[in-house]
Structure formats: structure tokens, C-alpha cells
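Report on one structure; see the data block that follows.
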Amino acid sequence: MSKKGRVFSGARPTGRQHLGNYLGAIQNYVALQDTYDCIYCIVDIHALTTVESTADLKDNTYEMALDWLAAGIRPDESIVFVQSHVPQVMELHTLLSMVTPLGKLTDLPTFKEKIRQNPNNVNYGLVGYPVLMTADIVLYKAEAVPVGVDQAPHLEFARETVRSFNFRYNTNVLIEPQAVHTETPKVIGIDGKEKMSKSLDNHIELAATPEETTARVMQMGTDPARVLRTDPGNPDVCNVFSMHKIFSSAEEVDMVNVECRRAGIGCVDCKKLFAKNLNAHLEPFRAKRAEIAQNPQQVWDILHDGGKRARAIAEGVMGEVRAAIGLPE
Ligand code: SF4
């Protein structure tokens, strides 16, 4: 079956992935492979805009790639690589920065949010972050980018930058990427309050053992109004129930929905059921992860091969870009 076109997506090297990463991105990455030629990039240069220490950068890159592969990214079909292995992206970033008004970057809500988070490290790279992100996408002439609602402004920025470049140099060498809208549910952490995140330590790691996973599930916040076992609960406000809807059978979801409301099931048993189903779901992932991890070099070989394939595309596009600008050969 011929595929629709090329998809690009990048993610920062955050090490071992958690359930939020899985439901919000990795599952989509895997599914998109059936319809698109996919390029998945571990954006280590982007990480430098906010990361203070690079001591874990290599390990985090490896662990993330390992999780992607174990989850079903197919490296013989898709290109999986590390951003810094394709230096052409830095060149394109510089060239695109010449057609980008500074005010447009500093007006972006995401920039303002980053300043708030990192008031003592407002570096030049942080301002230019969306330009580098645009370069990531257009360097491979990606037609489509999977985006959740919160990333839509960045894609629009990329599309405008492409139009500015093509207009300035009277060319059509760069193409405007389209959004592929994907299901990206906001996954709440085990605290039952904040979005699941490693930095808040409210996450469930995909690679955790079944025992560790069960222990984390048992810590999950539930309906705060349900204090006693005999109190009826409200599954509509309970994060455990949200997870049941993803990982449990329709019958089990119906059962929890009914029994919780009449105190027929306690939260401990309800969580045990979810933990059992989650562990069953993750079992094939864990087995594949363990198998790949026996030969760590295999992961680096895959990333290096991906980098080689990505560079081949990138160099071809950069040749067109340099010619369009009129740079001396
Ligand atoms: S029984 Fe289940 S759905 Fe109901 S409050 Fe407890 S954990 Fe949540």
C-alpha cells in the first residue's frame, strides 16, 4: 500500500518514558507508520535550551529510543535518529532566522511560559526554539506533523515561516506542513491533580516492573469525597476510572461505573484491577524492551542508520535551499 506522505515529529530526550508519553505521543507514532513514511527525531539540541547538565543526555537518548522501539516503532520502515546527527538542521535554522521577525518569537505564548519557568536562563536558543523546530520539519519536506491542540500555534508559526522564506527568495522549495490531529489525552499523574510528568514524580514508567507498577497504581488519587469504604464514589472525577476506560474491558468499566457509585467496590480492589490490566497491556512491551536491551549497541546502530538516512534527505533539500537563496556554490 502506498503511503500518504511524510510525517515528522520530534521529542526531547527525557529518558525512560511514562504512561503520559505513551498515551500522548508514542501510541500515535506507532499508528502513523501504517499511513505515512515517518521520521521520528530525538531532539537533543532543543533540550539544551533549558537543560542545565548534559551528564544524562546520552543515557536519556538511549532509554527513550529503547522505549520507542519496544513500543513498536519500526526502524526498517521509519527513520529514527538524533537531531544533532544531522548538522544541516542548524544551517537551515540560521537561514530561516533571517526571515523571522524577532517580535513574532517573543510574542509566542510558549516563549512567555518558558521565561516564567526559566527566569535565570533566557538564552538566545530559547527565543529561536520555534525556528529550529520549523527547520526540523521542513528540512525533510514533511507534509504532515502530528499535533495536539496545545502545539497548534507552533505549527502555524512553521507554516508562516515557510511562506516568508518562499516569498523572500521567490521559490517554492520549502513546503508548508499540515497538521495531523491526533488523540492526545491529558494524562493525569498518580497525584490525581497535575499532568503526568517525571519532574513531578507522579508518573508510571513503562519499563517499571509489574510490582513497581502496581505499587504506583496503589498510590493513585481517587474521588477525594470518597473517604470511607462505605461512601459511594463518583468515577467521573476519579483518575483511576479514566485509566480503566483505556486499559480495561467494556464489562469491567461498566462494573466499576456502577459499583463505585453504590460503594459495591472499594478503591483498593478497583486499583488492583486496573494494575492487573495495565501490567497485562505492558507485558509485550516489557518483553521486547528486555530483548533489545541485551544488545545496547543495536539501539545506537539504529539511531546512526537513521541519522545517515536523514542526512541524505537533508543534504538534498539544503542544496535546493542554498540555490534558492543564491548562496555561492
Ligand atoms: S472505586 Fe475506583 S473509580 Fe471509584 S473512586 Fe475508587 S478508585 Fe475511583
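Which lysines, on any chain, are close to K271 with Cα under 16 Å apart, when same-chain ones fewer than 8 places away are left out?
Hits, sequence-local ones excluded: K245.
For the stretch 154-212, what is the Kirkwood hydrodynamic radius in Å, using each pair of distinct C-alpha atoms?
Radius from the Kirkwood sum: 15.2 Å.
For a 22 Å ceiling on Cα separation, which of these pairs sit above it: K112/K195; K193/K272; K104/K186; K58/K141; K186/K288?
K104/K186; K58/K141; K186/K288
Quick one: give the max-minus-min coordinate of the C-alpha atoms of the stretch 124-173 along each principal axis, largest first, in Å.
Per principal axis, max minus min of the Cα coordinates gives 32, 28, 17 Å.
Of K141, K186, which has the most accessible area with a 1.4 Å probe, and how do the rest follow in descending order?
Of K141, K186, the descending order of accessible area is K186, K141.
Give the accessible surface of the chain per residue, rounded to a whole number of Å², with probe radius 1.4 Å and ligands, DNA and RNA excluded.
49 Å²
Give me the dipole magnitude in Debye, nearest 20, for the chain about the Cα centre, with unit charges on the beta carbon: positive for Lys and Arg, negative for Asp and Glu.
Taking the Cα centre of the chain as origin, the dipole is about 400 debye.
Report the equivalent ellipsoid semi-axes for the chain in whole Å, largest first, defined as the square roots of five times the eigenvalues of the gyration tensor built from alpha carbon atoms.
40, 22, 18
Would you kindly calculate the translational diffusion coefficient of the stretch 259-328, applying Stokes-Einstein with the Kirkwood radius from alpha carbon pairs, for 37 °C and a viscosity of 0.692 mPa s, and quote it in µm² s⁻¹ without decimals? Could you put the intermediate results ahead of the total?
Working: Rh = 17.2 Å.
It comes out at roughly 190 µm²/s.
Based on alpha-carbon atoms only, what is the radius of gyration of the stretch 1-95 relative to the globular estimate 2.2 N^0.38 Å?
1.11
Where both residues lie in the chain, what percent of DSSP beta bridges are antiparallel, nearest 5?
Bridges in the chain are about 10 percent antiparallel.
Using a cut-off of 12 Å between beta-carbons, work out the net charge of the residues near P185 (Lys and Arg +1, Asp and Glu -1, P185 not included).
Taking every Cβ under 12 Å from that of P185, the sum is +2.
Would you grab the residues whose amide H sits under 5 Å from the one on G10? Only those 5+ places off in sequence or on another chain, please, with H modelled 1.01 Å from N.
Hits under the 5 Å cutoff: C41.
Relative to the longest principal axis of the chain, what angle (0 to 90°, nearest 10) does the C-alpha long axis of helix 152-168 take?
So the helix axis and the longest Cα principal axis differ by about 10 degrees.
Hey, got the dipole for the stretch 61-218? About the Cα centre, +1 on K and R Cβ, -1 on D and E Cβ, debye to the nearest 20?
Rounded to the nearest 20 debye, it is 640 debye.
Set Lys and Arg Cβ to +1 and Asp and Glu Cβ to -1, take the dipole of the chain about its Cα centre, and tell me which of F165, M318, T49 lies farthest positive.
About the Cα centre, the residue reaching furthest to the positive side is F165.
Can you tell me, using C-alpha contacts under 8 Å and at least 6 residues apart, the relative contact order of the chain as a whole percent? Can you show the working numbers first?
Numbers: 465 pairs, mean separation 72.7, N = 329.
22 percent.
Give me the percent of accessible area attributable to carbon and sulfur for the chain, probe 1.4 angstrom.
Answer for the chain is 54 percent, counting heavy atoms of protein chains only.
Cα convex hull of the stretch 217-286: how many Å³ per residue?
That works out to 75 Å³ per residue.
What do you get for the angle between helix 88-97 and the principal long axis of the chain? Use alpha-carbon atoms, 0 to 90 degrees, nearest ten.
80 degrees
Counting only the heavy atoms of the protein chains, how much of R261 is accessible to a 1.4 Å probe, in Å² to the nearest 10?
The accessible area comes out at roughly 100 Å².
Taking all pairs of distinct Cα atoms, average 1/r, flip it, and tell me the Kirkwood hydrodynamic radius of the stretch 120-220 in Å to one decimal place. Working shown, then result.
Numbers: mean 1/r = 0.0601 Å⁻¹.
It works out to 16.6 Å.
The values are calculated or read from the model by the stated rules, or taken from the named source; none is laboratory data. It should be emphasised that the depicted structure is a prediction, and the values quoted were computed from it without experimental measurement. Counting neighbours? That spans all protein chains shown, and the Cβs are built from the backbone with ideal geometry, glycine included. The protein model used for the area step is the full one, side chains on, heavy atoms only, and it has no ligands, DNA or RNA in it. Shrake-Rupley method; radii C 1.70, N 1.55, O 1.52, S 1.80 Å.
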